[in-house]
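Q: Please find one structure pasted underneath; my questions will follow.
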């Protein structure tokens, strides 16, 4: 899912990494009219992505209730409910567990994702009817997640290392000042040629993502709203709406009962843990 | 064979587990002074099925049409410390075949989880279902649970198995130990049922190689690990075979062939199993292999054997600019006993196409063929699933047999083409 957690801005510029130092300089520079030597758009794009990730770091783990409302162009609706559990893994890809509650026929079905920064993700599914844990291909990045307008690659953690980044411009988004960056998938599994991301300059929260298909046509737009602050540090989008411009279909993804630093650990995210997920 | 009293004893044992479960949950939470049970969930499904056999039966008393009603309720209780109790029942009533009427306790287990340093342990006590393996055409290494054959000739549906199941896991993988104190009898179609052997199997005449009969203490172990592209499992089972050797009842069949029945004989066996899958891009490459000792072959002679199923699947995602995924599956089944094998998989190729529509209704279709390389016998199978509403699903399954040879293990089912239409309400 679009990196929905982003850390609230605190006393800044204690960062040591060169890139982040540059980001800090940039941050300071943004307030003053005399802008010193600009970094390249690529460096700036990466800085924004790294800063957004950094602000999301340290949440430990997360539990939330997700409701998906799928809508057709004609207005027909269908609802899915699932529970999401995410484990943050320091300096590596996150681990994510989805357990379905609705529709009832797939109740108890669960997905386990081990995201990686340097190679394709590992993905397992638990099928309760057979009590079977099945390793499945993660090459299906562009496939629909549960018939929704979210693709697998939209719903799992998107590691920064799987894109090249480029800052494009500043642009207001609502009442906020935003940056617009372009990210281009490195791997071939993605269904997108590129994505445009709007981050606000203050908290580095994503507000809008445009997805361009392999023919470079605008395929989908994601809008993130109802941000809530958790543990006085982390922003979490309460609603995300994905609109498919080709089909007119849309999906509303609502998060509720969000709990950070819950009682979860590594063992809930193993194949054995998947077997008892419910 | 004192079959029925044994069943009652098993039921008592299960009731005991359930009572113990609720007591354990109660004690656990009683100590902390909080409410008895932290969370509970009641769920399940009810299914109505019509199964129709278009061809007249090979045996006159077999029926052409049956209606079934299936109920599968489930209750889950969890205490504040994470200990849980799962109860899952199953009942089928079938209008045409009394052999399919049956109730089963699929699950009734207490689950405890804990941690020792970096290692995790998990203990399941009671009745549970366990699945091992990776292949689609056949579940070769899967041996812990007995097959509930009357549910589906695919042998995919299993009966609940009483067990103590301990799992230890860590960065090095997962090791599982199973203590299996009681043997379940495979279910078989009755006299009026289709998809059966020429003579019915009489479970009341069951014979065991072990003097302990169904109370022989079986053990099993499995080690599994996932490393990079590979998921691998190594397993061993020692105890009463889940697959019976079927023999004509003596002297009944000699004296009165019209009343002949088959007697299931359960041998003491040892089985070593390997299951492995490589997941690379859109490829899944799979292998299951077993070495089984102590079982009798189709000639009722003891013969150790090796069998494997090897193959894979490849999926084209989002084909033709749609959300549809198109998958191709192929597997080769082999058994070293060849025509002396006790099943149809002595040398059989399975090929199938799977369509997943990825739509609102989660529509999917699987069409497959299983061809015997030696006898050229073929069976076609198609499965279609579609959600009709948030709680209603439709599933249609059709199987057709073609050119079944007289020496093929499936010969008695040659006229048993069927179409099964099921409507399931889930809650």
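Q: Evaluate segment B:366-389: report whether one residue or more is facing chain A (nearest Cβ under 10 Å), buried (at least 17 other Cβ atoms within 10 Å of the Cβ) and touching a strand residue (DSSP E or B) at 6+ places or on another chain (Cβ under 9 Å).
A: Checked against the condition, which is being facing chain A (nearest Cβ under 10 Å), buried (at least 17 other Cβ atoms within 10 Å of the Cβ) and touching a strand residue (DSSP E or B) at 6+ places or on another chain (Cβ under 9 Å), segment B:366-389 yields at least one hit.
Q: So, one more: Answer yes or no: is there a residue in segment B:383-392 that is touching a helix residue (DSSP H, G or I) at 6+ places or on another chain (Cβ under 9 Å) and in contact (Cβ under 8 Å) with a residue 40 or more places away in the chain.
A: Looking for residues that are touching a helix residue (DSSP H, G or I) at 6+ places or on another chain (Cβ under 9 Å) and in contact (Cβ under 8 Å) with a residue 40 or more places away in the chain, one finds none in segment B:383-392, hence no.
Q: Going by the structure shown, is residue A:182 at pLDDT 95 or above and either within 14 Å of another protein chain (Cβ to nearest Cβ) or more than 30 Å from residue B:152 (Cβ to Cβ) (or both)?
A: yes
Q: How many residues does segment B:335-360 hold that are within 30 Å of residue A:70 (Cβ to Cβ), more than 21 Å from the chain's Cα centre (by Cα) and in a strand (DSSP E or B)?
A: Selection size over segment B:335-360: 4.
Q: Continuing with this model, one more query. Name the residues in segment B:265-287 that are farther than 21 Å from residue B:333 by Cβ, crowded, with 21+ Cβ neighbours inside 10 Å and more than 10 Å from chain A (Cβ to nearest Cβ), would you?
A: Across segment B:265-287, the qualifying residue is only B:266.
Residue by residue, here is whether (1) surrounded by 20 or more Cβ atoms within 10 Å (Cβ to Cβ); (2) part of a strand (DSSP E or B); (3) in contact (Cβ under 8 Å) with a residue 60 or more places away in the chain holds:
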residue	(1), (2), (3)
A:196	no, yes, no
A:210	no, yes, no
A:219	yes, yes, no
A:223	no, yes, no
A:232	no, no, yes
A:242	yes, yes, yes
A:255	yes, yes, yes
A:274	no, no, yes
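Q: Please find, within segment B:408-427, the residue that is surrounded by the fewest Cβ atoms within 10 Å (Cβ to Cβ) out of those that are assigned to a loop (DSSP other than H, G, I, E, B) and either without any contact (Cβ under 8 Å) to a residue 24 or more places away in the chain or away from chain A (no Cβ under 14 Å) (or both).
A: Top of the filtered list is B:415.
Q: Can you tell which of B:239, B:211 is touching a strand residue (DSSP E or B) at 6+ places or on another chain (Cβ under 9 Å) and either farther than 29 Å from residue B:97 by Cβ or without any contact (Cβ under 8 Å) to a residue 12 or more places away in the chain (or both)?
A: B:239
Q: To continue, here is another question. Considering only residues of segment A:97-123 that are more than 12 Å from residue A:277 (Cα to Cα) and assigned to a strand (DSSP E or B), which is farthest from the other protein chains (Cβ to nearest Cβ)?
A: A:113
Q: Kindly indicate whether residue B:405 is more than 22 Å from residue B:200 (Cβ to Cβ), at pLDDT below 95, within 14 Å of chain A (Cβ to nearest Cβ) and not in a strand (DSSP E or B).
A: So residue B:405 fails the test.
Q: Take segment B:373-402 and flag every residue that is part of a loop (DSSP other than H, G, I, E, B) and closer than 30 Å to residue A:105 by Cβ.
A: Across segment B:373-402, the qualifying residues are B:388, B:389, B:390, B:391.
Q: Also: Can you pull out every residue in segment B:216-235 that is surrounded by 16 or more Cβ atoms within 10 Å (Cβ to Cβ) and more than 14 Å from every other protein chain (Cβ to nearest Cβ)?
A: B:216, B:218, B:220, B:234, B:235 - these are the residues of segment B:216-235 that are surrounded by 16 or more Cβ atoms within 10 Å (Cβ to Cβ) and more than 14 Å from every other protein chain (Cβ to nearest Cβ).
Q: Still on this structure, please answer the following. Just for segment B:169-188: of the residues that are within 14 Å of another protein chain (Cβ to nearest Cβ) and touching a strand residue (DSSP E or B) at 6+ places or on another chain (Cβ under 6 Å), which one is farthest from residue B:99 (Cα to Cα)?
A: Here the answer is B:170.
Q: Name the single residue that is farthest from the other protein chains (Cβ to nearest Cβ) among those in segment B:294-328 being in a loop (DSSP other than H, G, I, E, B) and at positive phi.
A: B:300
Q: Still on this structure, I have one more. So residue A:130 ticks every box in (1) over 26 Å from residue A:209 (Cβ atoms); (2) at the interface with chain B (Cβ under 10 Å from one of its Cβ atoms); (3) touching a residue at least 40 places away in the same chain (Cβ under 8 Å) but one. Which box is left unticked?
A: The failed condition is (3).
Q: Before we move on, is residue A:93 within 12 Å of another protein chain (Cβ to nearest Cβ) and in a loop (DSSP other than H, G, I, E, B)?
A: Taking the combined requirement at face value, the residue does not satisfy it.
Q: Next up: With respect to residue B:149, determine if the residue is out of contact with any strand residue (DSSP E or B) (no Cβ under 6 Å at 6 or more places or on another chain) and at positive phi.
A: no
Q: Please enumerate the residues belonging to segment A:138-168 that are in a loop (DSSP other than H, G, I, E, B) and either away from every other protein chain (no Cβ under 14 Å) or in contact with a helix residue (DSSP H, G or I) (Cβ under 7 Å, 6 or more places away or on another chain) (or both).
A: Those that are in a loop (DSSP other than H, G, I, E, B) and either away from every other protein chain (no Cβ under 14 Å) or in contact with a helix residue (DSSP H, G or I) (Cβ under 7 Å, 6 or more places away or on another chain) (or both): A:140, A:141, A:142, A:143, A:145, A:156, A:157, A:158, A:159.
Q: A further question follows. So which residues in segment A:257-271 are in a strand (DSSP E or B) and surrounded by 17 or more Cβ atoms within 10 Å (Cβ to Cβ), if there are any at all?
A: A:258, A:260
Q: Can you spot a residue in segment A:38-46 that is within 18 Å of the chain's Cα centre (by Cα), away from chain B (no Cβ under 14 Å) and in contact (Cβ under 8 Å) with a residue 24 or more places away in the chain?
A: The answer is yes; a qualifying residue exists.
Q: Consider residue B:155 carefully, then state whether it is under 30 Å from residue B:279 (Cα atoms), touching a strand residue (DSSP E or B) at 6+ places or on another chain (Cβ under 6 Å) and modelled with pLDDT under 95.
A: So residue B:155 fits the description; yes.
Q: What number of residues within segment B:338-365 satisfy the criterion of being buried (at least 20 other Cβ atoms within 10 Å of the Cβ), within 14 Å of chain A (Cβ to nearest Cβ) and at pLDDT 95 or above?
A: Total satisfying the criteria: 0.
The values are calculated or read from the model by the stated rules, or taken from the named source; none is laboratory data. Source: prediction; values computed, not measured. As a convention, Cβ positions derive from the backbone with ideal geometry for all residues, glycine included, and neighbour counts pool all protein chains shown.
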